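Read-outs throughout are calculated quantities, based only on the coordinates presented, and are distinct from any laboratory measurement. Since we're looking at a predicted model, the values are computed, not measured.
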Ligand SMILES: [Zn+2]
């Protein structure tokens, strides 16, 4: 879904890495044609290191609103509609 053939991964920081209130689901663009980087940066700017986050196959818990805003083609209107 990225602009340059990137895949988007859904990750959540593990319990203990951050406080419960920050354990939101981030969207992270994964470069498909490059070696794995040492860390990944979520759409919202959060830096995620290997071992600190769990990969999700669906959103569970709170999504990161900044990541959603960055990824949604509908922009802020989508979130407004979602309440
Ligand atoms: Zn985020």
Quiz prompt | Per residue, the convex hull volume that the Cα atoms of the range 7-82 enclose (Å³) | solution = 94
Quiz item: How much length, in nm to one decimal, is gained on full extension between residue 70 and residue 34, taken as 0.36 nm per residue of separation minus their Cα-Cα distance?
Solution: 10.7 nm
